[in-house]
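Structure record follows, encoded as C-alpha coordinates.
The values are calculated or read from the model by the stated rules, or taken from the named source; none is laboratory data. Values in this document were obtained by computation on a predicted structure and should not be read as measured data. Positions of Cβ are backbone-derived with ideal geometry, glycine not excepted, and every protein chain shown enters the neighbour counts. Surface accessibility is based on the protein's heavy atoms, side chains included, excluding ligands, DNA and RNA. Shrake-Rupley method; radii C 1.70, N 1.55, O 1.52, S 1.80 Å.
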Amino acid sequence: MLQLHFLDDLRRMNIRQLFYQVLNFAMIVSSALMIWKGLMVVTGSESPIVVVLSGSMEPAFHRGDLLFLTNYDHEPIRAGEIVVFKVEGRDIPIVHRVLKVHEKEDGTVKFLTKGDNNNVDDRGLYANGQAWLSRKDVVGRARGFVPYIGIVTIIMNDYPKFKYAVLAGLGVFVLIHRE
Amino acid sequence: MAEKVIATMEENPPKVNKWDGNALKNALDDAVKDVLLSRFSYVESHRLLDGRLLISSIAVGFSLFALLWDWLYPFPQSRMVMCVCVVAYFIMMGVLTWYTTYLERGIFCTALNKDVAGIDPDDVWNASSSLKRFDNKYHLCLSQKTGKTGKAKEARTVLTVENFFDETGRLLYGSVVKEVLRLHSDVEHKKN
(Lines give C-alpha, C1' and ligand atoms only; values in the text may rest on other atoms or scores of the structure.)
Protein backbone atom coordinates (compact mmCIF):
# COMPACT_ATOMS: atom_id res chain seq x y z
CA MET A 1 0.00 0.00 0.00
CA LEU A 2 1.16 3.49 -0.79
CA GLN A 3 2.36 5.16 2.36
CA LEU A 4 1.35 8.77 2.30
CA HIS A 5 3.07 9.87 5.48
CA PHE A 6 3.23 13.48 4.39
CA LEU A 7 -0.57 13.48 4.66
CA ASP A 8 -0.46 12.27 8.27
CA ASP A 9 0.17 15.82 9.38
CA LEU A 10 -3.05 16.86 7.67
CA ARG A 11 -5.00 13.90 8.95
CA ARG A 12 -4.25 14.86 12.55
CA MET A 13 -5.58 18.38 12.08
CA ASN A 14 -9.01 19.42 13.27
CA ILE A 15 -11.48 21.44 11.28
CA ARG A 16 -10.17 24.76 12.57
CA GLN A 17 -6.60 23.95 11.65
CA LEU A 18 -7.66 22.80 8.19
CA PHE A 19 -9.62 26.01 7.71
CA TYR A 20 -6.56 27.99 8.71
CA GLN A 21 -4.52 25.98 6.22
CA VAL A 22 -6.88 27.16 3.46
CA LEU A 23 -6.83 30.74 4.81
CA ASN A 24 -3.05 30.65 4.88
CA PHE A 25 -3.03 29.75 1.19
CA ALA A 26 -5.55 32.50 0.50
CA MET A 27 -3.34 35.00 2.35
CA ILE A 28 -0.30 34.14 0.24
CA VAL A 29 -2.31 34.76 -2.92
CA SER A 30 -3.91 37.87 -1.38
CA SER A 31 -0.56 39.39 -0.42
CA ALA A 32 0.61 39.18 -4.04
CA LEU A 33 -2.71 40.58 -5.24
CA MET A 34 -2.70 43.45 -2.75
CA ILE A 35 0.89 44.41 -3.58
CA TRP A 36 -0.18 44.55 -7.23
CA LYS A 37 -3.27 46.64 -6.44
CA GLY A 38 -1.19 48.88 -4.20
CA LEU A 39 1.24 49.47 -7.06
CA MET A 40 -1.73 50.30 -9.29
CA VAL A 41 -2.90 52.97 -6.86
CA VAL A 42 0.58 54.43 -6.41
CA THR A 43 1.52 54.51 -10.10
CA GLY A 44 -1.94 55.28 -11.47
CA SER A 45 -1.43 52.60 -14.09
CA GLU A 46 -3.79 49.66 -14.45
CA SER A 47 -0.77 47.46 -15.14
CA PRO A 48 2.29 48.94 -13.40
CA ILE A 49 4.68 46.18 -14.48
CA VAL A 50 4.75 44.74 -17.99
CA VAL A 51 7.01 42.36 -19.86
CA VAL A 52 8.33 43.23 -23.31
CA LEU A 53 7.13 40.49 -25.64
CA SER A 54 8.62 41.52 -28.96
CA GLY A 55 11.86 42.84 -30.38
CA SER A 56 10.19 45.87 -31.93
CA MET A 57 11.90 48.26 -29.49
CA GLU A 58 15.44 46.94 -29.85
CA PRO A 59 18.03 48.05 -28.98
CA ALA A 60 16.27 49.91 -26.13
CA PHE A 61 14.28 46.94 -24.87
CA HIS A 62 14.66 43.28 -25.63
CA ARG A 63 12.23 40.43 -25.40
CA GLY A 64 11.90 39.51 -21.73
CA ASP A 65 12.72 42.90 -20.23
CA LEU A 66 10.57 43.96 -17.32
CA LEU A 67 9.20 47.52 -17.49
CA PHE A 68 7.98 49.63 -14.63
CA LEU A 69 5.24 52.09 -15.63
CA THR A 70 3.59 55.17 -14.22
CA ASN A 71 0.52 56.90 -15.55
CA TYR A 72 0.02 60.27 -13.88
CA ASP A 73 -2.54 62.61 -15.40
CA HIS A 74 -0.43 65.71 -14.79
CA GLU A 75 2.47 64.48 -16.88
CA PRO A 76 1.96 65.43 -20.53
CA ILE A 77 2.79 63.02 -23.32
CA ARG A 78 5.74 64.20 -25.39
CA ALA A 79 7.37 62.98 -28.57
CA GLY A 80 10.27 60.65 -27.83
CA GLU A 81 8.74 59.08 -24.75
CA ILE A 82 8.13 55.36 -24.56
CA VAL A 83 4.51 54.55 -23.84
CA VAL A 84 2.57 51.37 -23.31
CA PHE A 85 -0.84 51.48 -24.93
CA LYS A 86 -3.82 49.29 -25.60
CA VAL A 87 -5.52 48.91 -28.96
CA GLU A 88 -9.10 47.83 -29.28
CA GLY A 89 -9.35 44.22 -30.35
CA ARG A 90 -5.89 43.30 -29.03
CA ASP A 91 -5.44 41.63 -25.67
CA ILE A 92 -1.79 42.49 -25.18
CA PRO A 93 -0.64 46.10 -24.71
CA ILE A 94 2.15 47.42 -26.95
CA VAL A 95 5.35 49.22 -25.88
CA HIS A 96 6.43 51.79 -28.48
CA ARG A 97 7.91 55.28 -28.79
CA VAL A 98 5.83 58.40 -29.37
CA LEU A 99 6.59 59.84 -32.80
CA LYS A 100 4.18 62.76 -33.23
CA VAL A 101 1.97 64.62 -30.79
CA HIS A 102 -0.90 67.02 -31.42
CA GLU A 103 -2.03 68.84 -28.33
CA LYS A 104 -4.99 71.18 -28.03
CA GLU A 105 -5.36 74.17 -25.73
CA ASP A 106 -7.71 72.20 -23.47
CA GLY A 107 -5.08 69.52 -23.01
CA THR A 108 -6.53 66.77 -25.17
CA VAL A 109 -3.86 65.00 -27.17
CA LYS A 110 -3.65 62.64 -30.08
CA PHE A 111 -0.40 60.97 -30.92
CA LEU A 112 1.27 58.47 -33.20
CA THR A 113 3.71 55.77 -32.14
CA LYS A 114 6.36 53.59 -33.75
CA GLY A 115 8.63 50.78 -32.63
CA ASP A 116 12.32 51.77 -32.79
CA ASN A 117 13.12 48.59 -34.64
CA ASN A 118 10.16 48.78 -37.03
CA ASN A 119 10.33 50.35 -40.46
CA VAL A 120 6.86 51.87 -40.38
CA ASP A 121 4.74 53.62 -37.79
CA ASP A 122 1.98 51.86 -35.89
CA ARG A 123 -1.07 52.91 -37.92
CA GLY A 124 -1.25 49.37 -39.27
CA LEU A 125 -1.45 48.03 -35.70
CA TYR A 126 -4.22 50.34 -34.54
CA ALA A 127 -7.89 49.39 -34.74
CA ASN A 128 -9.57 49.67 -38.13
CA GLY A 129 -9.89 53.31 -39.14
CA GLN A 130 -7.96 54.57 -36.12
CA ALA A 131 -5.24 57.02 -37.08
CA TRP A 132 -4.21 58.37 -33.66
CA LEU A 133 -3.99 57.25 -30.06
CA SER A 134 -5.47 59.35 -27.27
CA ARG A 135 -4.94 59.67 -23.52
CA LYS A 136 -7.39 56.92 -22.65
CA ASP A 137 -5.44 54.33 -24.66
CA VAL A 138 -2.33 54.81 -22.53
CA VAL A 139 -1.56 52.19 -19.91
CA GLY A 140 1.55 53.97 -18.70
CA ARG A 141 4.94 55.38 -19.50
CA ALA A 142 8.15 53.41 -19.08
CA ARG A 143 10.04 54.66 -16.03
CA GLY A 144 12.51 51.91 -15.39
CA PHE A 145 13.40 48.44 -16.56
CA VAL A 146 15.04 45.23 -15.41
CA PRO A 147 16.56 43.17 -18.20
CA TYR A 148 15.80 39.49 -18.89
CA ILE A 149 13.73 38.73 -15.74
CA GLY A 150 10.49 38.73 -17.70
CA ILE A 151 11.64 35.78 -19.79
CA VAL A 152 10.13 33.59 -17.06
CA THR A 153 6.72 35.11 -17.82
CA ILE A 154 7.25 34.58 -21.54
CA ILE A 155 8.11 30.90 -21.05
CA MET A 156 5.10 30.49 -18.79
CA ASN A 157 2.84 32.06 -21.41
CA ASP A 158 4.34 30.04 -24.26
CA TYR A 159 3.81 26.79 -22.36
CA PRO A 160 0.54 27.21 -20.48
CA LYS A 161 0.57 23.57 -19.33
CA PHE A 162 3.92 24.15 -17.63
CA LYS A 163 2.52 27.28 -16.00
CA TYR A 164 -0.53 25.49 -14.61
CA ALA A 165 1.62 22.58 -13.44
CA VAL A 166 3.93 24.93 -11.51
CA LEU A 167 1.02 26.88 -10.02
CA ALA A 168 -0.86 23.73 -9.05
CA GLY A 169 2.31 22.26 -7.53
CA LEU A 170 2.92 25.33 -5.41
CA GLY A 171 -0.73 25.47 -4.37
CA VAL A 172 -0.80 21.83 -3.29
CA PHE A 173 2.49 22.24 -1.43
CA VAL A 174 1.16 25.19 0.58
CA LEU A 175 -2.13 23.42 1.28
CA ILE A 176 -0.66 20.15 2.54
CA HIS A 177 2.38 21.63 4.25
CA ARG A 178 1.56 22.35 7.85
CA GLU A 179 3.16 25.55 9.07
CA MET B 1 -21.93 -2.47 15.11
CA ALA B 2 -19.39 -0.79 12.91
CA GLU B 3 -15.81 -1.15 13.87
CA LYS B 4 -14.22 1.92 15.35
CA VAL B 5 -12.11 3.30 12.52
CA ILE B 6 -10.35 6.23 14.10
CA ALA B 7 -7.50 4.99 16.22
CA THR B 8 -6.38 7.11 19.12
CA MET B 9 -2.97 8.62 19.03
CA GLU B 10 -1.85 6.22 21.70
CA GLU B 11 -2.83 3.17 19.63
CA ASN B 12 -1.47 4.58 16.42
CA PRO B 13 1.23 7.18 17.04
CA PRO B 14 2.11 9.28 14.01
CA LYS B 15 5.12 8.46 11.86
CA VAL B 16 7.09 11.41 10.56
CA ASN B 17 10.11 12.23 8.51
CA LYS B 18 12.79 12.47 11.20
CA TRP B 19 14.74 15.12 9.30
CA ASP B 20 11.83 17.50 8.99
CA GLY B 21 11.92 19.69 12.11
CA ASN B 22 8.48 21.07 11.40
CA ALA B 23 6.94 17.60 11.26
CA LEU B 24 8.69 16.62 14.50
CA LYS B 25 7.35 19.69 16.26
CA ASN B 26 3.81 19.15 14.96
CA ALA B 27 3.85 15.51 16.04
CA LEU B 28 5.14 16.38 19.52
CA ASP B 29 2.64 19.25 19.88
CA ASP B 30 -0.21 16.97 18.88
CA ALA B 31 0.95 14.29 21.32
CA VAL B 32 1.26 16.76 24.22
CA LYS B 33 -2.22 18.07 23.46
CA ASP B 34 -3.56 14.54 23.25
CA VAL B 35 -2.07 13.67 26.65
CA LEU B 36 -3.45 16.81 28.27
CA LEU B 37 -6.94 16.17 26.95
CA SER B 38 -7.04 12.41 27.47
CA ARG B 39 -5.31 11.99 30.85
CA PHE B 40 -7.11 14.81 32.57
CA SER B 41 -10.73 15.81 32.44
CA TYR B 42 -9.93 19.04 30.65
CA VAL B 43 -11.93 20.63 27.90
CA GLU B 44 -10.11 22.16 24.97
CA SER B 45 -10.70 25.86 24.36
CA HIS B 46 -10.32 27.09 20.79
CA ARG B 47 -10.38 30.78 21.56
CA LEU B 48 -6.80 31.56 20.50
CA LEU B 49 -7.08 29.80 17.16
CA ASP B 50 -10.53 31.29 16.58
CA GLY B 51 -9.03 34.74 17.03
CA ARG B 52 -6.38 33.98 14.43
CA LEU B 53 -9.02 32.61 12.07
CA LEU B 54 -11.09 35.77 12.47
CA ILE B 55 -8.16 38.09 11.73
CA SER B 56 -7.12 36.09 8.67
CA SER B 57 -10.69 35.88 7.40
CA ILE B 58 -11.09 39.65 7.62
CA ALA B 59 -7.81 40.14 5.75
CA VAL B 60 -8.79 37.72 3.00
CA GLY B 61 -12.22 39.37 2.95
CA PHE B 62 -10.62 42.71 2.09
CA SER B 63 -8.66 41.19 -0.76
CA LEU B 64 -11.69 39.35 -2.15
CA PHE B 65 -13.71 42.55 -1.96
CA ALA B 66 -10.94 44.43 -3.79
CA LEU B 67 -10.89 41.74 -6.46
CA LEU B 68 -14.67 41.91 -6.94
CA TRP B 69 -14.83 45.71 -6.91
CA ASP B 70 -12.00 46.08 -9.41
CA TRP B 71 -13.80 43.65 -11.68
CA LEU B 72 -17.10 45.54 -11.43
CA TYR B 73 -15.58 49.03 -11.71
CA PRO B 74 -12.29 48.77 -13.64
CA PHE B 75 -9.26 50.55 -12.36
CA PRO B 76 -9.28 54.33 -12.55
CA GLN B 77 -12.84 54.26 -11.13
CA SER B 78 -12.02 51.82 -8.34
CA ARG B 79 -8.97 53.76 -7.16
CA MET B 80 -10.36 54.91 -3.81
CA VAL B 81 -11.73 51.48 -2.88
CA MET B 82 -8.44 49.82 -3.89
CA CYS B 83 -6.53 52.27 -1.72
CA VAL B 84 -8.70 51.49 1.33
CA CYS B 85 -8.58 47.71 0.76
CA VAL B 86 -4.79 47.62 0.31
CA VAL B 87 -4.18 49.67 3.45
CA ALA B 88 -6.72 47.65 5.45
CA TYR B 89 -5.23 44.38 4.24
CA PHE B 90 -1.71 45.27 5.31
CA ILE B 91 -2.99 46.56 8.66
CA MET B 92 -4.68 43.18 9.18
CA MET B 93 -1.39 41.44 8.32
CA GLY B 94 0.28 43.58 10.99
CA VAL B 95 -2.44 42.67 13.48
CA LEU B 96 -1.96 38.99 12.64
CA THR B 97 1.78 39.22 13.24
CA TRP B 98 1.18 41.00 16.54
CA TYR B 99 -1.40 38.38 17.54
CA THR B 100 0.86 35.41 16.86
CA THR B 101 3.92 37.03 18.47
CA TYR B 102 2.38 38.53 21.59
CA LEU B 103 -0.84 36.66 22.28
CA GLU B 104 -0.29 33.14 20.94
CA ARG B 105 3.45 32.98 21.70
CA GLY B 106 3.63 29.40 20.49
CA ILE B 107 0.63 28.23 22.51
CA PHE B 108 -0.79 25.25 20.65
CA CYS B 109 -3.29 24.04 23.20
CA THR B 110 -5.50 25.69 25.76
CA ALA B 111 -7.29 23.32 28.12
CA LEU B 112 -9.89 24.35 30.66
CA ASN B 113 -10.28 22.62 33.96
CA LYS B 114 -13.97 23.23 34.50
CA ASP B 115 -15.00 24.13 38.01
CA VAL B 116 -17.11 21.23 39.21
CA ALA B 117 -19.62 23.42 40.95
CA GLY B 118 -19.77 25.76 37.99
CA ILE B 119 -19.36 28.80 40.20
CA ASP B 120 -15.71 29.73 40.06
CA PRO B 121 -14.03 30.57 36.77
CA ASP B 122 -12.19 27.70 35.08
CA ASP B 123 -8.52 26.99 35.57
CA VAL B 124 -6.71 27.59 32.31
CA TRP B 125 -3.85 25.37 31.17
CA ASN B 126 -1.69 26.52 28.30
CA ALA B 127 0.89 24.45 26.48
CA SER B 128 3.41 26.22 24.30
CA SER B 129 6.45 24.98 22.48
CA SER B 130 9.25 25.97 20.21
CA LEU B 131 11.82 24.08 18.17
CA LYS B 132 14.51 26.07 16.43
CA ARG B 133 15.35 25.28 12.87
CA PHE B 134 17.98 22.52 12.51
CA ASP B 135 17.94 22.09 16.31
CA ASN B 136 17.00 18.99 18.28
CA LYS B 137 15.89 20.73 21.46
CA TYR B 138 12.15 20.90 21.86
CA HIS B 139 11.23 23.57 24.43
CA LEU B 140 7.95 22.81 26.13
CA CYS B 141 6.21 25.09 28.60
CA LEU B 142 3.12 24.23 30.58
CA SER B 143 1.35 26.97 32.49
CA GLN B 144 -1.66 27.09 34.72
CA LYS B 145 -3.76 30.06 35.62
CA THR B 146 -6.03 29.40 38.55
CA GLY B 147 -9.49 30.69 37.86
CA LYS B 148 -10.27 31.59 41.43
CA THR B 149 -7.18 33.57 42.33
CA GLY B 150 -5.99 34.49 38.86
CA LYS B 151 -2.49 33.41 39.86
CA ALA B 152 -0.30 31.91 37.20
CA LYS B 153 2.48 29.37 37.50
CA GLU B 154 4.43 27.46 34.94
CA ALA B 155 7.08 24.84 34.37
CA ARG B 156 9.42 24.43 31.46
CA THR B 157 11.42 21.58 30.10
CA VAL B 158 13.76 20.99 27.22
CA LEU B 159 13.33 17.69 25.44
CA THR B 160 15.76 16.17 23.00
CA VAL B 161 13.66 15.14 20.06
CA GLU B 162 15.51 11.92 19.21
CA ASN B 163 14.36 10.44 22.53
CA PHE B 164 10.77 10.65 21.40
CA PHE B 165 10.93 9.00 18.00
CA ASP B 166 12.15 5.54 17.06
CA GLU B 167 14.50 4.94 14.13
CA THR B 168 11.62 4.73 11.67
CA GLY B 169 10.30 8.11 12.79
CA ARG B 170 7.35 6.76 14.77
CA LEU B 171 6.47 8.84 17.81
CA LEU B 172 7.08 7.17 21.16
CA TYR B 173 3.80 8.12 22.75
CA GLY B 174 4.63 6.62 26.14
CA SER B 175 7.70 8.81 26.57
CA VAL B 176 5.67 11.89 25.79
CA VAL B 177 3.05 10.88 28.35
CA LYS B 178 5.72 10.49 30.99
CA GLU B 179 7.19 13.93 30.30
CA VAL B 180 3.85 15.70 30.18
CA LEU B 181 2.61 14.10 33.40
CA ARG B 182 5.86 15.04 35.13
CA LEU B 183 5.64 18.61 33.91
CA HIS B 184 1.99 18.77 34.88
CA SER B 185 2.69 17.71 38.45
CA ASP B 186 5.65 20.11 38.58
CA VAL B 187 3.23 22.93 37.86
CA GLU B 188 0.63 21.70 40.29
CA HIS B 189 3.08 21.39 43.13
CA LYS B 190 4.75 24.69 42.49
CA LYS B 191 4.17 27.27 45.19
CA ASN B 192 3.01 30.59 43.96
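Only protein heavy atoms count here; under a 1.4 Å probe, A:Asp121 has an accessible surface of about 50 Å².
Taking each DSSP H run with n ≥ 4 as -39500 (n - 2.57) and averaging over every residue of chain B yields -15500 deg cm²/dmol at 222 nm. Rounded to the nearest whole Hz, the Karplus-based 3J(HN,Hα) values (6.51 cos²θ - 1.76 cosθ + 1.60, θ = phi - 60°) of the stretch A:108-119 follow the sequence 5, 10, 10, 9, 10, 10, 7, x, 4, 9, 8, 7, with x at glycine and proline.
Could you compute the FRET efficiency for A:Tyr159 and A:Ala32, with r as their C-beta to C-beta distance and R0 at 22 Å, rounded to 0.05?
On the way: r = 21 Å, r/R0 = 0.97.
About 0.55, to the nearest 0.05.
Just to check, using Stokes-Einstein with a Kirkwood Rh over alpha carbon pairs, what's the diffusion coefficient of chain B at 25 °C and 0.890 mPa s in µm²/s? Can you show the working numbers first?
Details: Rh = 19.5 Å.
Translational D for this selection: 126 µm²/s.
Taking chain A as the reference, fit the longest principal axis to its C-alpha atoms, fit the long axis of helix A:160-176 to the helix C-alpha atoms, and give the angle between the two in degrees, 0 to 90, nearest 10. Around 40 degrees separate the two axes. For chain B, a Gaussian network of Cα nodes joined below 10 Å ranks B:Ile119, B:Ile55, B:Ile107 by mean-square fluctuation, and the top entry is B:Ile119. In the elastic network of chain A, a GNM with C-alpha springs shorter than 10 Å, the most mobile of A:Ser54, A:Ser45, A:Ser31 is A:Ser31. By definition, a body whose alpha carbon gyration tensor gives a ≥ b ≥ c is oblate when a/c is 1.5 or more and a/b is not larger than b/c, and the stretch A:127-166 fits this oblate description. The count of lysine pairs in the stretch A:49-147 whose Cα atoms are under 15 Å apart, excluding pairs fewer than 8 places apart on the same chain, comes to 6. Normalising the average separation of contacting C-alpha pairs (under 8 angstrom, six or more residues apart) by the number of residues puts the relative contact order of the stretch B:59-192 at 14 percent. Give me the distance in nm between label points sitting 7 Å out from Cα along the Cα-to-Cβ direction at B:Lys190 and B:Lys178, one decimal. Placing both labels 7 Å beyond Cα along the Cβ direction yields 2.3 nm. Figure legend: label point modelled 7 angstrom from the Cα of B:Thr100 along Cα→Cβ; residues of the stretch A:25-40 with amide N under 17 Å from it are A:25-32.
Take A:Trp132: with every protein chain present and a 1.4 Å probe, its accessible area is about 60 Å². Size descriptor for the protein assembly as shown, Kirkwood hydrodynamic radius: 25.5 Å (Cα pairs only, one decimal). A cut-off of 5 Å between modelled amide H atoms, ignoring neighbours fewer than 5 places along the same chain, links B:Cys109 with B:Ala127.
What net charge is computed for the residues neighbouring A:Arg97, neighbours being all others with C-beta under 14 Å from the C-beta of A:Arg97, Lys and Arg scored +1, Asp and Glu -1?
Working: positive: A:Arg78, A:Lys100, A:Lys114, A:Arg141; negative: A:Glu58, A:Glu81, A:Asp116, A:Asp121, A:Asp122.
With Lys, Arg at +1 and Asp, Glu at -1, the neighbours total -1.
Membrane-span-like helices in chain B, defined here as complete DSSP H runs extending at least 20 Å along the helix axis by their C-alpha atoms with mean Kyte-Doolittle hydropathy no lower than 1.0, are B:47-72, B:75-98; this is a sequence and geometry rule, not a statement about a membrane. For chain A, what does the relative contact order come out to in percent, with C-alpha contacts under 8 Å and a separation of six or more? Rounded, it is 25 percent for chain A.
Taking A:Tyr148, A:Tyr159, A:Tyr126 as the candidate residues, the one with maximal mean-square fluctuation in a Gaussian network model of chain A, Cα springs under 10 Å, is A:Tyr159. The alpha-carbon of B:Lys18 sits under 17 angstrom from the alpha-carbons of these aspartates and glutamates, leaving out residues fewer than 8 places away in its chain: A:Asp8, A:Asp9, A:Glu179, B:Asp29, B:Asp30, B:Asp135, B:Glu162, B:Asp166, B:Glu167. In summary, the lysines within cross-link reach of B:Lys190, defined as a Cα separation below 16 angstrom excluding same-chain residues under 8 places away, comprise B:Lys145, B:Lys151, B:Lys153.
Taking a probe of 1.4 Å, how large is the accessible area per residue of chain B, in Å²? Numbers along the way, then the final one.
Details: 11290 Å² over 192 residues.
That works out to 59 Å² for each residue.
Once the C-beta distance of B:Phe75 and B:Ile119 is scaled by a Förster radius of 41 Å, the resulting FRET efficiency is 0.10 to the nearest 0.05.
What separates the Cα centres of the stretch A:99-124 and the stretch B:100-130 is a distance of 69 Å.
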